[in-house]
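Read through the structure below, which is laid out as structure tokens, and then see the notes.
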Amino acid sequence: MSVYDKADLYVVNTCSVTARADKKAREAVRAIKKESPAAKIAVIGCLAQLDGERVKSWGVDWVIGQDDKANIAHIICGADAKQDIWSLGINDFSIHRAFVKVQDGCDNRCSFCKIPHIRGASQSRPLEDIVAEVRRLSEKYREIVLCAVNLALYGRDLKNSEDIYLLVDAALKIKTMSRLRLSSLETIFVGERILEFLNHPKFCSHLHIPFQSGDDDVLTAMNKRERAQGYLDFVAQARRIDPDVAISADFIVGFPAEGEKEFKNTLNFLREVNPMRTHIFTFSPRENTPLSGVKIKDKALIKKRFDLLQAAAQVCADNYAKRFIGRSLSMVTEEKKNGFSCGYTENYLRVKVKKDLPPGSLVSVTIDKVVKGDIYAV
């Protein structure tokens with residue numbers, strides 16, 4: 001059975017942060033061509049923006065870069081129009097949580113990241129527009145997620161002294177809001193003031209932080225302004241306010257400046273942070289970055305380090321989840337799978353419940369057990 005439903009037109013929205021993301025986009029196009037050879041294909045997004053000629057060579061019908069993504073319908077229909085990235089509203093989300101994009105681009109120049117080259121400087125959506133969309137979506141969806149390329153930079157390019165703190169405060173005041181979650185936060189730009197919201201009943205007790213490394217020399221080589229102790233201080237302050245706060249994290253393994261000492265520092269840092277969920281990426285040199293020409297030499301060593309970090313991260317995740325056995329949490333039901341209703345709690349635990357619960361509902365569940373990384377509730 002195909003992973004794709006039969007259609008006349010397919011839109012492949014691409015990421016290009018990692019080499020693996022590029023590969024997945026190519027594989028998606030190949031799979032579509034195999035399953036539906038007569039279908040039209042539009043490839044849009046960052047990879048289309050960065051390397052449109054390569055994407056054209058895949059034999060697709062439209063290559064639409066990030067700058068023109070808001071005009072996709074007009075381009076495909078052959079009509080003239082020019083809309084900005086904030087002009088499109090979304091009414092339906094298949095996963096039963098609503099995502100509202102509030103910022104695009106990035107002013108940072110991390111040495112491993114090509115996002116500033118693709119997306120340009122930080123640009124923020126007007127606060128009143130965001131609040132209006134959040135208000136509209138909160139009437140239908142029990143959880144709203146504020147997301148961005150760099151959420152902590154929100155408002156810095158606006159003239160009205162708006163920032164992420166004021167945006168969150170305005171969103172939480174919406175009467176129909178059930179709960180609000182933030183996407184990734186760069187701690188040095190957002191400041192500890194944001195942690196005040198951990199006391200708010202509508203604010204999800206969850207912070208995702210892209211640490212990338214726990215070693216200061218590697219962070220310097222990454223051109224990141226954060227330092228390991230600053231990260232630890234931010235996490236410690238969050239836990240003083242809410243001891244149960246969930247910390248999820250990103251790490252890069254195999255960065256060129258990472259030797260054995262630096263890796264051990266990162267491993268110890270991960271254990272100290274004790275994140276409840278961890279995304280680990282292997283370093284891949286990207287175009288238009290200072291590290292674009294770097295050769296990956298010892299892939300076996302990088303794989304070993306990846307596995308060590310992953311094993312430590314799984315221990316942290318299991319320990320965090322087990323703390324909640326016997327405790328009640330609220331879950332937004334996203335899907336029904338293999339006889340279970342599945343969804344996320346306010347502290348971002350992915351939970352399975354042996355009940356027939358309507359997707360999109362906000363229900364109280366009690367954590368029952370944790371088995372091989374799976375979390376079951378009743």
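Between I118, I95, I85, the distinction of being within 30 Å of G230 (Cβ to Cβ) and β-branched (V, I, T) belongs to I118 only.
Criterion first (crowded, with 19+ Cβ neighbours inside 10 Å and not β-branched (V, I, T)) does H96 satisfy it? Yes, satisfied. Of all the listed residues (F211, F197), the sole one being touching a strand residue (DSSP E or B) at 6+ places or on another chain (Cβ under 7 Å), surrounded by fewer than 22 Cβ atoms within 10 Å (Cβ to Cβ) and on the phi < 0 side of the Ramachandran plot is F197.
Restricting segment 73-91 to residues that are within 21 Å of E133 (Cα to Cα) and of a type in the set (V, I, T) leaves a set whose member that is surrounded by the most Cβ atoms within 10 Å (Cβ to Cβ) is I85. Which residues, taken from segment 251-308, are charged (D, E, K, R), buried (at least 20 other Cβ atoms within 10 Å of the Cβ) and over 21 Å from the mean Cα position of the chain (by Cα)? Of everything in segment 251-308, those that are charged (D, E, K, R), buried (at least 20 other Cβ atoms within 10 Å of the Cβ) and over 21 Å from the mean Cα position of the chain (by Cα) turn out to be E258, R305.
Could you please let me know if K355 is modelled with pLDDT under 95, surrounded by fewer than 20 Cβ atoms within 10 Å (Cβ to Cβ), not aromatic (F, W, Y) and not assigned by TED's automatic domain parsing to the domain that holds S213? Yes. Kindly check whether there is at least one residue in segment 128-150 that is of a type outside the set (K, R), closer than 26 Å to E226 by Cβ and surrounded by fewer than 16 Cβ atoms within 10 Å (Cβ to Cβ). The answer is yes, given that some residue of segment 128-150 is of a type outside the set (K, R), closer than 26 Å to E226 by Cβ and surrounded by fewer than 16 Cβ atoms within 10 Å (Cβ to Cβ). Scan segment 135-143 and tell me whether some residue there is under 23 Å from T345 (Cα atoms), assigned to a strand (DSSP E or B), within 20 Å of the chain's Cα centre (by Cα) and hydroxyl-bearing (S, T, Y). No; the residues of segment 135-143 include none that is under 23 Å from T345 (Cα atoms), assigned to a strand (DSSP E or B), within 20 Å of the chain's Cα centre (by Cα) and hydroxyl-bearing (S, T, Y).
If we scan segment 171-180, do we find a residue that is modelled with pLDDT of 95 or more, touching an Asp or Glu at 6+ places or on another chain (Cβ under 9 Å), in the same structural domain as E262 (by TED's automatic domain parsing) and of a type in the set (K, R)? Looking for residues that are modelled with pLDDT of 95 or more, touching an Asp or Glu at 6+ places or on another chain (Cβ under 9 Å), in the same structural domain as E262 (by TED's automatic domain parsing) and of a type in the set (K, R), one finds at least one in segment 171-180, hence yes.
The values are calculated or read from the model by the stated rules, or taken from the named source; none is laboratory data. Because the structure is predicted, anything quoted here is derived from the model rather than measured. Please note: Cβ atoms are built from the backbone with ideal geometry, for glycine as well, and neighbour counts cover all protein chains shown.
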